[in-house]
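Let me begin by presenting the structure, written as C-alpha coordinates, before commenting on it.
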Amino acid sequence: MKESCLFFHPKSWLVLLCMMFAACNGCMGQEASPGSSKAEGAQLVTVTVAPSTVKLQMGIAQGLKALAQYSDGSVVDVTAQAVWNSKAPLVAAVVAHNGVVTGISAGSAVVTGTYDGKTDASTVVVSAATLQSIEVLPATTMAQVGDTTVFMAKGIYSDGSTAELGDAVRWWSAAPDMVDVAPTSGLASVRGSGVAQISASLYGRTGSATLMVPAQAARTAATYDGPVR
(Lines give C-alpha, C1' and ligand atoms only; values in the text may rest on other atoms or scores of the structure.)
Protein backbone atom coordinates (compact mmCIF):
# COMPACT_ATOMS: atom_id res chain seq x y z
CA MET A 1 0.00 0.00 0.00
CA LYS A 2 1.26 3.46 -0.87
CA GLU A 3 1.83 5.93 1.91
CA SER A 4 -0.99 8.47 1.87
CA CYS A 5 1.03 11.19 3.66
CA LEU A 6 4.47 12.55 2.97
CA PHE A 7 5.38 12.54 6.66
CA PHE A 8 5.23 8.75 6.86
CA HIS A 9 7.92 8.39 4.23
CA PRO A 10 11.26 7.44 5.86
CA LYS A 11 13.05 10.39 4.23
CA SER A 12 10.29 12.94 4.85
CA TRP A 13 11.52 13.96 8.30
CA LEU A 14 14.94 14.74 6.86
CA VAL A 15 13.38 16.87 4.10
CA LEU A 16 11.21 18.70 6.63
CA LEU A 17 14.18 19.42 8.91
CA CYS A 18 16.19 20.79 5.98
CA MET A 19 13.29 23.08 5.00
CA MET A 20 12.93 24.36 8.57
CA PHE A 21 16.69 24.95 8.86
CA ALA A 22 16.76 26.89 5.58
CA ALA A 23 13.80 29.01 6.65
CA CYS A 24 15.43 29.73 9.99
CA ASN A 25 18.67 30.79 8.30
CA GLY A 26 16.71 33.10 6.04
CA CYS A 27 15.17 34.80 9.04
CA MET A 28 18.55 35.17 10.72
CA GLY A 29 20.05 36.66 7.59
CA GLN A 30 17.44 39.45 7.60
CA GLU A 31 18.44 40.69 11.05
CA ALA A 32 20.38 43.97 11.18
CA SER A 33 22.45 45.37 13.98
CA PRO A 34 20.69 48.20 15.84
CA GLY A 35 21.49 51.67 14.59
CA SER A 36 23.41 50.49 11.54
CA SER A 37 20.67 50.64 8.90
CA LYS A 38 17.25 52.05 8.16
CA ALA A 39 14.13 50.41 6.76
CA GLU A 40 13.46 50.82 3.05
CA GLY A 41 11.44 53.96 2.46
CA ALA A 42 12.26 55.50 5.87
CA GLN A 43 12.57 59.29 5.70
CA LEU A 44 15.33 61.38 7.25
CA VAL A 45 13.89 63.33 10.19
CA THR A 46 16.86 65.10 11.72
CA VAL A 47 20.62 65.18 12.04
CA THR A 48 22.34 65.60 15.40
CA VAL A 49 25.96 66.66 15.87
CA ALA A 50 27.57 65.29 19.02
CA PRO A 51 28.86 66.41 21.40
CA SER A 52 26.91 69.66 21.36
CA THR A 53 29.71 71.49 23.21
CA VAL A 54 33.44 70.83 23.00
CA LYS A 55 36.23 72.35 25.09
CA LEU A 56 39.72 72.26 23.58
CA GLN A 57 43.17 73.58 24.22
CA MET A 58 45.04 75.19 21.35
CA GLY A 59 46.57 72.60 19.06
CA ILE A 60 44.38 69.77 20.32
CA ALA A 61 42.01 67.85 18.03
CA GLN A 62 38.75 66.02 18.72
CA GLY A 63 36.32 64.21 16.44
CA LEU A 64 32.65 65.20 16.14
CA LYS A 65 29.91 62.80 15.06
CA ALA A 66 26.84 63.29 12.88
CA LEU A 67 23.90 61.00 13.66
CA ALA A 68 20.94 60.76 11.27
CA GLN A 69 17.54 59.81 12.74
CA TYR A 70 14.93 58.31 10.42
CA SER A 71 11.13 58.01 10.52
CA ASP A 72 11.34 54.32 11.48
CA GLY A 73 13.26 55.26 14.65
CA SER A 74 16.64 54.07 13.39
CA VAL A 75 19.78 56.13 13.99
CA VAL A 76 22.69 55.93 11.54
CA ASP A 77 26.21 57.33 11.95
CA VAL A 78 26.75 59.56 8.91
CA THR A 79 29.90 61.33 10.13
CA ALA A 80 31.91 60.37 7.04
CA GLN A 81 29.07 61.33 4.66
CA ALA A 82 28.34 64.73 6.25
CA VAL A 83 29.90 68.01 5.12
CA TRP A 84 31.59 69.89 7.97
CA ASN A 85 32.18 73.60 8.28
CA SER A 86 33.56 76.01 10.90
CA LYS A 87 32.05 79.49 11.22
CA ALA A 88 35.33 80.69 12.77
CA PRO A 89 38.18 78.66 11.25
CA LEU A 90 40.83 80.88 12.85
CA VAL A 91 39.49 79.76 16.24
CA ALA A 92 38.60 76.15 15.47
CA ALA A 93 39.33 74.43 12.16
CA VAL A 94 37.43 71.34 11.04
CA VAL A 95 38.21 68.71 8.41
CA ALA A 96 35.37 68.90 5.89
CA HIS A 97 35.00 65.14 5.35
CA ASN A 98 35.38 63.64 8.83
CA GLY A 99 34.42 66.19 11.50
CA VAL A 100 37.79 66.33 13.26
CA VAL A 101 38.06 69.79 14.85
CA THR A 102 41.29 71.42 16.07
CA GLY A 103 41.69 74.37 18.43
CA ILE A 104 43.63 77.17 16.72
CA SER A 105 43.29 80.20 18.99
CA ALA A 106 41.35 81.26 22.08
CA GLY A 107 37.66 81.88 21.51
CA SER A 108 34.43 80.18 20.48
CA ALA A 109 33.41 78.73 17.13
CA VAL A 110 30.26 77.10 15.76
CA VAL A 111 31.00 73.95 13.76
CA THR A 112 28.21 72.56 11.59
CA GLY A 113 27.58 69.15 10.08
CA THR A 114 25.20 68.86 7.11
CA TYR A 115 23.78 65.67 5.67
CA ASP A 116 21.02 65.32 3.06
CA GLY A 117 19.82 68.89 3.63
CA LYS A 118 19.71 68.62 7.44
CA THR A 119 22.16 70.59 9.60
CA ASP A 120 23.12 70.65 13.25
CA ALA A 121 25.94 72.36 15.11
CA SER A 122 28.40 72.05 17.97
CA THR A 123 29.93 74.94 19.90
CA VAL A 124 33.69 74.62 20.21
CA VAL A 125 35.35 76.62 22.99
CA VAL A 126 39.13 76.95 22.72
CA SER A 127 40.87 77.76 25.99
CA ALA A 128 43.24 80.71 26.31
CA ALA A 129 45.51 78.57 28.51
CA THR A 130 49.00 78.17 27.10
CA LEU A 131 51.09 75.03 26.97
CA GLN A 132 53.65 75.04 29.78
CA SER A 133 55.28 71.63 29.52
CA ILE A 134 55.01 68.19 27.95
CA GLU A 135 55.17 64.91 29.82
CA VAL A 136 56.06 61.83 27.79
CA LEU A 137 54.72 58.52 29.09
CA PRO A 138 55.95 56.01 30.02
CA ALA A 139 58.79 58.12 31.44
CA THR A 140 61.14 55.12 31.57
CA THR A 141 60.60 51.77 29.93
CA MET A 142 62.52 48.71 28.77
CA ALA A 143 62.18 46.76 25.54
CA GLN A 144 63.91 44.06 23.52
CA VAL A 145 65.37 44.30 20.04
CA GLY A 146 62.52 43.80 17.59
CA ASP A 147 59.86 45.20 19.95
CA THR A 148 57.57 48.15 19.31
CA THR A 149 56.54 50.59 22.03
CA VAL A 150 53.98 53.39 21.90
CA PHE A 151 54.70 56.65 23.74
CA MET A 152 52.05 59.21 24.71
CA ALA A 153 52.51 62.96 25.17
CA LYS A 154 50.49 64.83 27.79
CA GLY A 155 50.34 68.62 27.78
CA ILE A 156 50.26 70.63 31.01
CA TYR A 157 48.65 74.07 30.61
CA SER A 158 48.86 77.41 32.41
CA ASP A 159 45.43 76.97 34.02
CA GLY A 160 46.45 73.62 35.52
CA SER A 161 44.54 71.54 32.99
CA THR A 162 46.07 68.63 31.11
CA ALA A 163 45.30 67.06 27.76
CA GLU A 164 46.58 64.22 25.64
CA LEU A 165 48.33 65.89 22.73
CA GLY A 166 47.74 63.08 20.24
CA ASP A 167 49.24 63.63 16.79
CA ALA A 168 49.68 67.39 17.39
CA VAL A 169 53.24 66.78 18.66
CA ARG A 170 56.25 65.77 16.61
CA TRP A 171 58.35 62.83 17.79
CA TRP A 172 61.99 61.97 17.34
CA SER A 173 64.65 59.66 18.73
CA ALA A 174 68.07 60.79 19.96
CA ALA A 175 69.45 57.47 18.68
CA PRO A 176 67.61 56.72 15.41
CA ASP A 177 69.95 53.85 14.52
CA MET A 178 68.87 52.15 17.76
CA VAL A 179 65.21 53.24 17.96
CA ASP A 180 63.13 54.62 15.12
CA VAL A 181 60.08 56.70 16.11
CA ALA A 182 57.13 57.53 13.84
CA PRO A 183 56.99 61.36 13.79
CA THR A 184 53.23 61.70 14.31
CA SER A 185 52.26 58.64 16.35
CA GLY A 186 55.00 58.03 18.91
CA LEU A 187 55.38 54.41 17.80
CA ALA A 188 58.96 53.34 18.53
CA SER A 189 60.58 50.41 16.71
CA VAL A 190 63.59 48.96 18.50
CA ARG A 191 66.54 48.05 16.25
CA GLY A 192 69.45 47.74 18.63
CA SER A 193 70.53 47.75 22.27
CA GLY A 194 71.45 50.72 24.43
CA VAL A 195 69.70 53.75 25.94
CA ALA A 196 67.77 56.30 23.88
CA GLN A 197 65.87 59.49 24.63
CA ILE A 198 62.44 59.67 22.94
CA SER A 199 61.15 63.24 22.65
CA ALA A 200 57.96 65.07 21.66
CA SER A 201 57.65 68.79 20.84
CA LEU A 202 54.83 71.30 20.38
CA TYR A 203 54.82 75.11 20.44
CA GLY A 204 58.45 75.23 21.51
CA ARG A 205 57.91 72.86 24.45
CA THR A 206 59.64 69.48 24.59
CA GLY A 207 59.25 66.45 26.81
CA SER A 208 61.36 63.29 26.83
CA ALA A 209 61.32 59.70 28.02
CA THR A 210 64.02 57.06 28.35
CA LEU A 211 63.95 53.75 26.49
CA MET A 212 66.42 51.10 27.63
CA VAL A 213 67.23 48.05 25.52
CA PRO A 214 69.54 45.44 27.11
CA ALA A 215 72.25 43.85 25.00
CA GLN A 216 71.32 40.42 23.72
CA ALA A 217 73.38 37.57 25.15
CA ALA A 218 75.99 36.38 22.69
CA ARG A 219 75.46 32.86 21.44
CA THR A 220 78.62 30.68 21.50
CA ALA A 221 78.99 27.28 19.97
CA ALA A 222 79.86 24.51 22.42
CA THR A 223 83.23 22.82 21.72
CA TYR A 224 84.30 19.24 22.36
CA ASP A 225 87.95 18.51 22.97
CA GLY A 226 87.64 14.77 23.41
CA PRO A 227 88.75 12.12 20.95
CA VAL A 228 86.96 11.88 17.64
CA ARG A 229 85.12 8.64 17.19
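The values are calculated or read from the model by the stated rules, or taken from the named source; none is laboratory data. Model, not experiment: these values are computed from the prediction. Cβ placement follows ideal geometry from the backbone for every residue including glycine, while neighbour counts extend to all protein chains displayed.
Restricting to segment 81-125, name every residue that is under 25 Å from the mean Cα position of the chain (by Cα), assigned to a strand (DSSP E or B) and free of Cβ contacts under 8 Å to residues at least 40 places away in the same chain.
The answer is Val83, Trp84, Asn85, Ser86, Ala92, Ala93, Val94, Val100, Ala109, Val110.
Scan the strands (runs of 3 or more DSSP E) fully inside segment 164-221 and keep the ones with 2 or more residues being of a type in the set (Gly, Ala, Ser) and under 25 Å from Thr102 (Cβ atoms).
On the way: elements: 170-173, 179-181, 187-190, 194-202, 205-213.
Passing ranges, in order: 194-202, 205-213.
Do we have any residue at all in segment 148-162 that's farther than 29 Å from Val126 by Cβ and in contact (Cβ under 8 Å) with a residue 12 or more places away in the chain? Spell out how you get there, then give the answer.
Residues of segment 148-162 farther than 29 Å from Val126 by Cβ: 148-149.
Applying the additional criterion that residues be in contact (Cβ under 8 Å) with a residue 12 or more places away in the chain yields 148-149.
So far as segment 148-162 goes, yes, one or more of its residues are farther than 29 Å from Val126 by Cβ and in contact (Cβ under 8 Å) with a residue 12 or more places away in the chain.
Here is a list: Val181, Val169. Which entry is among the hydrophobic types (A, V, I, L, M, F, W, C), surrounded by 15 or more Cβ atoms within 10 Å (Cβ to Cβ) and either more than 26 Å from the chain's Cα centre (by Cα) or at pLDDT 95 or above (or both)? Quick ask: steps written out before the conclusion?
Values: Val169 fails: either more than 26 Å from the chain's Cα centre (by Cα) or at pLDDT 95 or above (or both).
Of Val181, Val169, the one residue that is among the hydrophobic types (A, V, I, L, M, F, W, C), surrounded by 15 or more Cβ atoms within 10 Å (Cβ to Cβ) and either more than 26 Å from the chain's Cα centre (by Cα) or at pLDDT 95 or above (or both) is Val181.
Looking at (1) in the same structural domain as Asp180 (by TED's automatic domain parsing); (2) under 18 Å from the mean Cα position of the chain (by Cα); (3) surrounded by fewer than 14 Cβ atoms within 10 Å (Cβ to Cβ); (4) of a type outside the set (Ser, Thr, Tyr), which is the only condition Ala163 fails?
Of everything listed in (1) in the same structural domain as Asp180 (by TED's automatic domain parsing); (2) under 18 Å from the mean Cα position of the chain (by Cα); (3) surrounded by fewer than 14 Cβ atoms within 10 Å (Cβ to Cβ); (4) of a type outside the set (Ser, Thr, Tyr), Ala163 misses just condition (3).
Return yes or no: is Ser133 surrounded by fewer than 15 Cβ atoms within 10 Å (Cβ to Cβ), outside any strand (DSSP E or B) and on the phi < 0 side of the Ramachandran plot? Outline the logic, then answer.
Numbers: surrounded by fewer than 15 Cβ atoms within 10 Å (Cβ to Cβ): yes; outside any strand (DSSP E or B): no; on the phi < 0 side of the Ramachandran plot: yes.
The answer is no for Ser133.
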